[in-house]
Amino acid sequence: MHILKCFILSFIVLSSIPSLAQDGDSTDFYYQIPDYPQSYDAGSVAARVVDGLGFRYYWATEGLTEGDLQFRPSEGARNVEETIDHIINLTQILANAVQEKPFDGVEYDEMTFVQKRELTLENIRVASEILKTSNGEDLEKFDMIFSSGAEFPFWNLLNGPVADAINHVGQIITLRRTNGNPIYQNISVLQGRVRG
């Protein structure tokens with residue numbers, strides 16, 4: 001009887017995790033992709049692409065070990081943590097662009113992996129929320145501006161930092177699988193949620 005009670009209690013606790021995750025801090029925001037908008041417009045479509053990045057990044061980095069972070073496929077290649085550092089910069093460029101701020105790099109050398117992950121997920125969430133409330137004219141204001149003076153339109157933000165970040169998330173998934181720690185198998189990137 002004691003074993004049955006433990007099993008039932010464990011089931012109740014574990015089954016509540018998905019609902020708690022969406023109500024938690026920004027780190028859990030992309031446990032699943034937020035509901036899609038009722039209509040299509042430039043801002044909502046751009047936000048959905050960003051939300052896809054957030055969901056993929058969440059699960060690519062969930063449960064990484066120190067061994068995974070230091071895993072390097074070959075000499076001269078980035079290890080997983082260096083790839084995460086690059087993604088921080090890409091998402092900060094995105095967040096700054098939609099907030100109409102210039103990008104001047106990110107100081108992440110003193111950050112823990114957990115802090116890096118939180119910052120990246122927060123950058124993605126902030127960008128998505130701004131894009132969801134924007135319209136076609138707003139997108140024209142969201143230029144990438146660098147402290148060097150270089151400036152690029154929103155179009156380049158999509159095919160540059162956003163696409164690049166998605167690519168590097170895929171690298172993390174491959175590297176951690178190669179290192180013996182594959183991502184959680186019950187996620188559906190098509191549906192943007194955990195199956196089952």
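By its C-alpha gyration tensor, with a ≥ b ≥ c as the square roots of the eigenvalues, how is the stretch 49-150 shaped: rounded for a/c under 1.5, else prolate for a/b larger than b/c, else oblate?
prolate
Express the accessible area of the chain per residue in Å², computed with a 1.4 Å probe while the remaining protein chains stay in the model.
Heavy-atom accessible area per residue stands at 56 Å².
Using 0.36 nm times the number of residues separating S74 and F113, minus their current alpha carbon distance, what extension gain do you get?
Taking 0.36 nm per residue and subtracting the Cα distance, the gain is 11.9 nm.
Give the Cα extents of the stretch 125-196 along the principal axes, in whole Å, largest first.
43, 30, 17
Which one of S188, I145, L131 has its Cα pushed farthest toward the positive end of the charge dipole of the stretch 105-196, where Lys and Arg give +1 and Asp and Glu give -1 at the Cβ?
Checked the options; the winner is S188.
Subtract the Cα-Cα distance of S188 and T133 from 0.36 nm times their separation in residues, and report this length gain in nm to one decimal.
Taking 0.36 nm per residue and subtracting the Cα distance, the gain is 17.1 nm.
Name the shape class, rounded, prolate or oblate, that the alpha-carbon gyration tensor gives for the stretch 36-98, where a ≥ b ≥ c are the square roots of its eigenvalues, rounded holds for a/c under 1.5, and otherwise prolate holds if a/b is larger than b/c and oblate otherwise.
Taking the square roots of the gyration eigenvalues as a ≥ b ≥ c, the stretch 36-98 is prolate.
Length gain on complete extension for the stretch Y40 to E100, per 0.36 nm per residue less the alpha carbon to alpha carbon distance?
19.3 nm
Checking the a/c ratio against 1.5 first, then a/b against b/c, what shape does the Cα gyration tensor give for the chain?
Since a/c reaches 1.5 but b/c is at least a/b, the shape of the chain is classed as oblate.
Under 23 Å between C-alpha atoms is the cut-off here; go through the chain and count lysine pairs that meet it, provided they're at least eight residues apart or on different chains.
4
Please give the charge dipole size of the chain, origin at the Cα centre, charges +1 on K and R Cβ atoms and -1 on D and E Cβ atoms. Round to the nearest 20 debye.
Around 1000 debye, computed over the chain.
Roughly what would the spin-label model give for E82 and A150, points 7 Å off Cα along C-beta, in nm?
Between E82 and A150, the label points sit 2.0 nm apart.
Roughly to the nearest percent, how much of the accessible area of the chain is carbon and sulfur, given a 1.4 Å probe?
C and S fraction of accessible area: 56 percent.
Which of the helices in the chain, when you take each full DSSP H run, stretch at least 15 Å along the axis at their Cα atoms and have an average Kyte-Doolittle score of 0.5 or higher?
Those that clear 15 Å and a mean of 0.5 are 2-15, 80-98.
Which net charge results for the neighbourhood of F142, defined as the other residues with beta-carbon distances under 11 angstrom from its beta-carbon, given Lys and Arg at +1 and Asp and Glu at -1?
-3
Can you compute the charge dipole magnitude of the stretch 53-143 about its Cα centre, using +1 on each Lys and Arg Cβ and -1 on each Asp and Glu Cβ, nothing else charged? Give it in debye, rounded to the nearest 20.
300 debye
Would you mind calculating the relative contact order of the chain from Cα pairs under 8 angstrom and at least 6 residues apart, reporting the percent as a whole number?
Taking the mean separation of contacting Cα pairs over the length of the chain, I get 28 percent.
The values are calculated or read from the model by the stated rules, or taken from the named source; none is laboratory data. Small disclaimer: the values here were computed from a predicted structure and weren't measured. Don't worry about glycine lacking a Cβ; one is built from the backbone with ideal geometry, like all the others, and counts go over all protein chains shown. We work out accessible area using only protein heavy atoms, side chains counted, and drop any ligands, DNA or RNA first. Shrake-Rupley method; radii C 1.70, N 1.55, O 1.52, S 1.80 Å.
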